Structures are given as C-alpha cells and as structure tokens.
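Following: one structure in structure tokens, then a few remarks.
What follows draws every value from the coordinates through simple rules; no lab data is involved. Computed from a predicted structure; not experimentally measured. Virtual Cβ from ideal backbone geometry, glycine too; neighbours counted across all protein chains shown.
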Amino acid sequence: MKWIVLLRQTTDGGYIITARTTSYGVGNSDVYLIKTFSNGNAQWTKTIGELISEEGHSIKQTHDGKYIHCGLTNSFGAGNDDIYLIKNDTTVQTLFAKTFGGSGTDHGHFIQQASDNGFIIIGTTTSFGAGGYDIYLVKTDSTGALQWSKTYGGTGDEDGWDIQTTTDGGLYSYWLYYKFWGRR
C-alpha cells in the first residue's frame with residue numbers, strides 16, 4: 001500500500017512527492033520519496049525509515065535546489081511519534097535527519113523555508129501544551145537545529161495544517177491556518 005501525501009513541482013518542471021509506503025522499505029511503513037520528470041514518469045524513488053514506522057507529510061524544494069520534508073517517525077526520537085525533518089540532495093543522499101517532540105505524539109504536517117534559510121514546521125503535539133492535541137510550531141536553522149518551538153491550543157484538540165512566512169520590517173511574522181478535526 002502506498003499513500004501519496006503531497007506533491008510539489010520542482011524547478012526542472014518535474015514533481016517531487018512525499019508519502020508513506022508499506023510496500024517498500026524496512027519498517028511497518030517508511031517515508032516514500034518519488035521524483036518525476038515533467039511527463040510524470042519516475043526519475044527516482046527512495047524509502048527512508050527503520051523498523052517501526054515513518055511517514056512523509058510535506059515536501060518543498062529549498063532555495064539551494066535540494067529537498068526538505070517533514071512527517072513523523074516512531075523509530076527515532078523521544079517518544080511515541082516524533083516530528084521527522086529530513087533534507088536530501090538531488091542525488092537522494094540524506095544531508096540531515098532530525099526529530100522533534102517529547103514522550104507523547106508529535107506530527108509535522110507542513111513545512112516552509114524561512115527567509116533566513118531555516119525551516120518552519122507546523123503540526124500537532126500531545127507532548128507539550130495545554131492538553132489534548134495542540135498546534136505545534138517548530139523553527140530550525142538551515143542545518144535543522146532547533147531554534148524555538150511554540151504550542152497553541154486549549155484543553156480540546158487542535159491541529160496545525162498550513163503555514164506561510166512573510167517579512168515585516170526584518171522580522172518574521174508567522175500566519176497560522178489551522179483546522180479542528182477529530183482524531184484519526
């Protein structure tokens with residue numbers, strides 16, 4: 001079984017896809033990357049993961065032409081599911097892989113590159129915040145090192161699904177778009 005999660009057009013006119021696969025890889029599920037030519041034919045594929053489970057949720061081509069993606073991992077990190085941040089070059093080599101989260105459940109739903117070449121991830125957490133699932137915002141530098149994280153929400157459930165960056169007088173202003181969903 002393969003689930004396509006997000007597809008983005010690349011600067012060469014092709015597409016990059018991040019997904020979850022249970023057909024390929026070494027674990028229960030793995031991150032599945034697919035790079036296509038402009039006609040949709042596969043240029044290359046790659047699985048990333050270990051023995052338990054990983055998923056790809058969001059991918060972008062970075063300012064330097066490489067690929068940054070986020071999702072979740074249960075094979076690495078501090079707890080149940082953790083945010084999984086991976087940067088690959090155009091030959092599919094992993095440049096870095098980082099995890100963020102605590103002892104609960106933490107998912108990265110969407111990633112954006114900031115103007116300082118760092119990355120902003122929005123998702124959900126039960127490890128931190130006011131209770132239930134809360135919106136989890138993570139900011140890293142260009143190497144994936146954590147700069148800060150914030151949570152937003154009340155005692156119910158909140159999920160962060162999309163984020164855009166803007167510059168206001170040299171400072172970052174983060175606009176959050178979130179939906180309230182029942183848990184999966």
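Pairs are defined by a Cβ separation below 6 Å, a sequence spacing of at least 6 or placement on different chains, a first member in the range 121-134 that is within 18 Å of Asp162 (Cα to Cα), and a second member that is of a type in the set (Asp, Glu) and outside any loop (DSSP other than H, G, I, E, B); the pairs so defined are Thr124/Asp159; Thr125/Asp106; Thr125/Asp134.
Which is of a type outside the set (D, E, K, R), farther than 28 Å from Trp148 by Cα and free of Cβ contacts under 8 Å to residues at least 60 places away in the same chain, of Asn28, Asn74?
Details: Asn74 fails: farther than 28 Å from Trp148 by Cα.
The conditions single out Asn28.
In the range 64-107, of all residues being among the aliphatic types (A, V, I, L, M) and touching a His at 6+ places or on another chain (Cβ under 9 Å), the one that is nearest to Ser127 (Cα to Cα) corresponds to Ile83.
Restricting to the range 131-166, what's the tally of residues that are charged (D, E, K, R) and either in contact with a Ser or Thr (Cβ under 9 Å, 6 or more places away or on another chain) or exposed (fewer than 13 other Cβ atoms within 10 Å of the Cβ) (or both)?
5
Residues in the range 90-115 that are farther than 18 Å from Ser29 by Cβ, part of a loop (DSSP other than H, G, I, E, B) and in contact with a strand residue (DSSP E or B) (Cβ under 6 Å, 6 or more places away or on another chain): Val92, Ala114, Ser115.
Residues of the range 47-65 that are under 21 Å from Ser142 (Cβ atoms) and either buried (at least 23 other Cβ atoms within 10 Å of the Cβ) or aromatic (Phe, Trp, Tyr) (or both): Ile48, Gly56, His57, Ser58, Ile59.
Of all residues in the range 81-98, those that are free of Cβ contacts under 8 Å to residues at least 40 places away in the same chain have Cβ atoms under 8 Å from Cβ atoms of residues that are of a type in the set (A, V, I, L, M, F, W, C) and buried (at least 20 other Cβ atoms within 10 Å of the Cβ), 6 or more apart or on another chain, in Asp81/Leu72; Asp82/Leu72; Asp82/Phe100.
For Thr10, the stated conditions do not hold, so it cannot be described as farther than 20 Å from Trp161 by Cα, surrounded by fewer than 14 Cβ atoms within 10 Å (Cβ to Cβ), in contact (Cβ under 8 Å) with a residue 40 or more places away in the chain and not acidic (Asp, Glu).
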